[in-house]
Amino acid sequence: MKNLLTVTQRLILSLLIITLYPLSIQARPFILVLSQDDIKDSPASPDDDLADWEEIGDSETKPDENLDPASWTHIFEPGMDPDEPYQGYYSTVSKMMAAASAGESRVMEEVILGIEEVSGGGDPNARSLLAFLYGIGMTRERNKAKAFLYHHFAAEGGNIQSKMALAYSYLRKDMHEKAVKLYAELAEVAVNSFLISKDSPVVEPVRIHNGAEENKEALRKSRGEEDDAFQILEYVAQKGNAGAMYKIGLFYYFGLRGLRRDRAKALSWFSKAADKGEAQSMEFLGEIYARGVGVERNYIKALEWLTLAARQQLYSAYNGMGYLHVKGYGVDKNYTKAKEYFEKAAEHEETGGHYNLGVMYYKGIGVKRDVKLACKYFLVAADAGHQKAFYQLAKMFHTGVGLKKNLPMATELYKLVAEQGPWSSLSRWALESYLIGDVGNAFLLYSRMAELGYEVAQSNAAWILDKYGERIMCMGESGLCTDAERHQRALSLWRQASEQGNEHAALLIGDAYYYGLRGTERDYERAAEAYMHAKSQANAQAMFNLGYMHEHGQGLPLDLHLAKRYYDQAVEIDPTTNFPVTLNQSCLELCY
């Protein structure tokens, strides 16, 4: 406890800079800067809205398919048979994807007529699909108003993906009151899909390009069972190496490294490793039985496996044990015992321990309520990248309990967490389609993710349009996309990615306006605006371009001093720009 308080007191009493590692989608890390003014010294008032915090932290954990019943998981993952009410919906989605893959506009039109018919009967999932189609202009005239309306009704009917799309739409318009409400709901769903004993791994969508070129290294590592490294690991596991068994189980459990998620295979590998005494596999078996993923939920077995893992000094397992004691799952409720387990984890630098202690103090569970101390615990956990801690800080910014109310900050933090929800699996399937050469389906899936606000998906979809041109099975208003439709879609996607900090996207938009490319008219002022956005990301090319525009008075005031300053900054950031900068500066000296 003493070490923790020393650390957190320093955090509170000085400027706090916490890097919140984006799990999806940010082109650059999100930086949260807190000052003493953001910290509330007084405890929460009796009027604080804590009605939804009846127990510790979050609701009962559930399998992903229960949290997002209309997701497309059933189409892509083995052993996922949809419930009767959803079978027609999934059949329709499958046909839509088959038509997109083959570029069959006639079949796509027939599918969409069916979607419209079902949507007219009030089906929220069909309405969500129609919203997507109107939003991108696929076989229907692009109509943002209709897309918004269909998403609105789909979200009211419970469709999660439409809630994500609406939240992102509100965020882009700075309508934080509405955005924060939706993102808070979505972040709670995401949190309930996380592990109970340790932080879920960061599964960031793979960026299939690194600017103008294909990101071959990242793609090589995402080839799943065809990857040489995976085959070697599998060989070692089959020879009896418990550590390799655990890693393969982990890959299958989360669908990492390009593997299709397969909970049955994960369970098999974890069981084999646990039989050999591998502690992390024991912990995961505890998780699996607590969540009822691929097995019948059994809290007693969950506690047994977590206890075995803890005995081998795997301190994260104490978080799961504490969780079960707080909830009274498989054991009598015992807050004192739970606190001891959480402290044991925290003492050994397990961030989940800090987070869970924060929840206990925030709610006064088995301890005297202390919101300020809870905030300190959450900050320590968030500093280590703990997603549930981000969620609790977002709640504090949202409600003004413990931290000064700040809706824009709450919205951004909720969004970071929400993007780790079950619907993020779309990125795995999009990547899988791309790797097998099914660019049409990859584009369709990335476009769906782009609509939900994922920057990497926006960037990937735009890059596919630019890279493959006429070769991509891009469906337009009538038939395959025209050049104008491709340019318009790509520019819209790049613009959205740019808004979320993608400097390459900002450069492309600047170039489009500077040269009059991608169906745009030449506009130096808008080009300069885009380059300024890229420059704010410390991009050397953008600084060089701004220097050139100041030098020639293009869209910016003619100002040779500013031109030289931008040229110098470009060299400081990227020494490879020294040669072109030297040429331009020589011209400045000779010509002016």
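The values are calculated or read from the model by the stated rules, or taken from the named source; none is laboratory data. Just so you know, these numbers come straight off a predicted model, no measurement behind them. A quick note on method: Cβ atoms are made from the backbone with ideal geometry, for glycine too, and the neighbour counts reach across all protein chains shown. Surface areas here come from the heavy atoms of the whole protein model, side chains and all, with no ligands, DNA or RNA. Shrake-Rupley method; radii C 1.70, N 1.55, O 1.52, S 1.80 Å.
The figures follow:
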item	result
The range 209-348 - accessible surface per residue (Å², probe 1.4 Å)	47
Kirkwood hydrodynamic radius (C-alpha pairs) into Stokes-Einstein, the range 390-544, 20 °C and 1.002 mPa s, D in µm²/s	125
Overall Cα dimensions of the range 301-431, principal axis frame, Å, largest first	44, 42, 24
Selection from L256, Q238, Y315 lying farthest towards where the dipole of the range 209-348 points positive, charges on Cβ	Y315
In Å², nearest 10: area of E104 left accessible to a 1.4 Å probe	90
Protein-only accessible surface order, largest first, of E287, E278, E304 at 1.4 Å	E304, E278, E287
For H348, solvent-accessible area (1.4 Å; no DNA, RNA or ligand), Å²	80
Residue-normalised accessible area of the range 501-590, expressed per residue, 1.4 Å probe, Å²	53
For the range 518-565 and the range 309-385, distance of Cα centres in Å	51
DSSP-assigned coil residues among GluC sites (Glu not before Pro) in the range 117-177, each with at most 14 further Cβ atoms within 10 Å	E141
Rounded Å value of the spacing that divides the Cα centres of the range 142-174 and the range 432-466	19
Heavy-atom accessible surface of the range 501-590: percent carbon and sulfur, 1.4 Å	53
Inter-probe distance in nm under a simple model that places probes 7 Å from Cα toward Cβ, at E177 and K405	1.1
Heavy-atom surface of the range 375-452, accessible at 1.4 Å and reported per residue (Å²)	19
Cβ charges +1 (Lys, Arg) and -1 (Asp, Glu), total dipole of the range 209-348, debye	340
Three-way shape label, the range 501-590, alpha-carbon gyration tensor, a/c 1.5	oblate
